[in-house]
Ligand SMILES: Cc1cc2nc3c(=O)[nH]c(=O)nc-3n(C[C@H](O)[C@H](O)[C@H](O)COP(=O)(O)OP(=O)(O)OC[C@H]3O[C@@H](n4cnc5c(N)ncnc54)[C@H](O)[C@@H]3O)c2cc1C
């Protein structure tokens, strides 16, 4: 160890052992730095608050997922999008797919990768305080001193609060039931439901996961209470009963949480500290997917911090943060969806060419539109309820 660094218990301390924090830790540890990951839960795989669906782009772009065990994922290739009246349109893009995941298993696998790379994972350690000291931060008795601090601690980041960095202000509230050992009649589809009354600002979903069915919804939190989400879920169970009936089943687990949807927070970095993942607001305001960006920018943050700590480049507070996506168009789309969403438009126009074009863009990203490959494969009438 360099004598100047001996007074620091770590080169970098990362708060939060989830997608962003574990990716960042792996990149730093691979470059020989002393990394500590502090996680308040006793196990990174417990009490997750995400459906855990990976888009194909994550597999293509995030080398960290190379070799992910087949037992932890399940491939879903098509999307069935339901209008509020339950008419639906089927969409696919050859070569494109989603992966549902055994998310607790995936999280433990990612944590093992970070530890194997040399990171130190400290579970049951919650971050509370940080004080600037020359060349780094003092984090209190449990965590000691670090040369760099990363807040990867989710939508309501404590690191952002303590360091007075920007904080997420706009959220969707998500709630999901998992029914283990259950098989859908149509397991090859990601079933998505539009309904302004039940899920204003977002959608509901039903998908065949690795161990059973995951059924959830998210809705705008503006002016709403947590209990509204539960009530909406009860009504969703009734609504989708003609597609798959879960009313008599008790969920084996419930995942719930907030999804930031207002774009990047500001500021999201300061000398020797930065935010990544949900803490930074790195979530698509349209799809509400954040795993892709958490992994991708978590890795990039790790590499940039390593270059800085090795003296090969400046503090990444500006350069790295400039590389984060701004979501300008997506923020505009979110505004439009929040203010203009009307059920009758989807009831009437779900199968129309502009609506299908928009759905393809959202579900299959640029690849499908570039290849002109995504196409609707059928429009079906409302099932008899
Ligand atoms: C219901 C729901 C469903 C979703 N489904 C999907 C999906 O299918 N696909 C997708 O791409 N995105 C999905 N998202 C969004 C996605 O889950 C997040 O964008 C992603 O988890 C962000 O990862 P992260 O590492 O930034 O933060 P998080 O996953 O939020 O992890 C933060 C970590 O920090 C820890 N932590 C927090 N505070 C402290 C502290 N003070 N000290 C120590 N540790 C702390 C937490 O325990 C947690 O482990 C969903 C979100 C919700 C709510």
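No lab work stands behind these numbers, since they all come straight from the coordinates. Quick caveat, the model's predicted, so the values are computed rather than measured. Using ideal geometry, Cβ is built from the backbone for each residue, glycine included, and neighbour counts are taken over all protein chains shown.
Of note:
- Between the helical axis of 226-239 and the longest alpha-carbon principal axis of the chain there is an angle of about 40 degrees.
- Cα-based convex hull volume of region 1-121 per residue, rounded to whole Å³: 129
- Taking every DSSP helix (H) stretch of at least 4 residues in the chain, weighting each as -39,500 (n - 2.57) and dividing the sum by the residue count yields a mean residue ellipticity at 222 nm of -9500 deg cm²/dmol.
- In this simple spin-label model, placing a label point 7 Å from the Cα along the Cα-to-Cβ direction at both residue 343 and residue 71 gives a separation of 4.5 nm.
- Legend: calculated FRET efficiency, residue 164 to residue 141, from the Cβ-Cβ distance at R0 = 30 Å, rounded to 0.05, equals 0.85.
- Rounded to the nearest 10 degrees, the inclination of helix 291-309 to the longest alpha-carbon principal axis of the chain is 10 degrees.
- C-alpha long axis of helix 353-371 to longest principal axis of the chain, angle in °: 40
- Gain on full stretching of the segment that runs from residue 128 to residue 361 - 0.36 nm per residue minus C-alpha separation: 79.8 nm
- If both residues of a DSSP beta bridge must be in the chain, then about 70% of such bridges are antiparallel.
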